[in-house]
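A quick write-up on the structure given underneath.
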Amino acid sequence: MWNQLNNSLYQSFTFKNFSEAFAFLTRVALLAEQNNHHPTIKNTYNKVEIWLTTHDAGDIVTNKDKDLAAAIDKLLN
């Protein structure tokens, strides 16, 4: 579940191991590039944290962020 926090959408994802976390991160990176939207991402072992905000709109949450969040969620289904 994405939470709105400090003018960004935030979610943390936990995986079985580093390989699974990094594979997910790679898929997120490809989605972000396709959408010309580049989130802040942190990966520590099996945990991936993502912050989405639209820099061009003044670092606020826009539909661009919500759309990318929904696309990221679909990666897990």
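Here, each number is a calculation from the coordinates, and none is a lab measurement. Just so it is clear, the structure is predicted and the values come from calculations on it, not from any experiment. Positions of Cβ are backbone-derived with ideal geometry, glycine not excepted, and every protein chain shown enters the neighbour counts.
Run the helix sum for the chain: -39,500 (n - 2.57) per DSSP H stretch of 4+ residues, divided by residue count, reported at 222 nm to the nearest 500 deg cm²/dmol.
Dividing the helical sum by the residues of the chain leaves -13000 deg cm²/dmol.
As a test of understanding, state the convex hull volume per residue of segment 3-75 from its alpha carbons, in Å³.
Once divided by residue count, the hull of segment 3-75 is 73 Å³.
If R0 is 22 Å, what FRET efficiency do you get for Ala71 and Glu20 from their C-beta distance, rounded to 0.05?
Computed FRET efficiency for Ala71 and Glu20: 0.70.
Report ³J(HN,Hα) in whole Hz for each residue of segment 12-27, in order, from the Karplus equation J = 6.51 cos²θ - 1.76 cosθ + 1.60 where θ = phi - 60°; Gly and Pro get x.
In residue order, the calculated couplings are 10, 10, 10, 10, 5, 7, 5, 4, 5, 5, 6, 4, 4, 4, 5, 5 Hz.
Taking other Cβ within 10 Å of each residue's Cβ, how do Leu31, Leu68, Leu75, Leu52 sort, fewest first?
Leu75, Leu31, Leu68, Leu52
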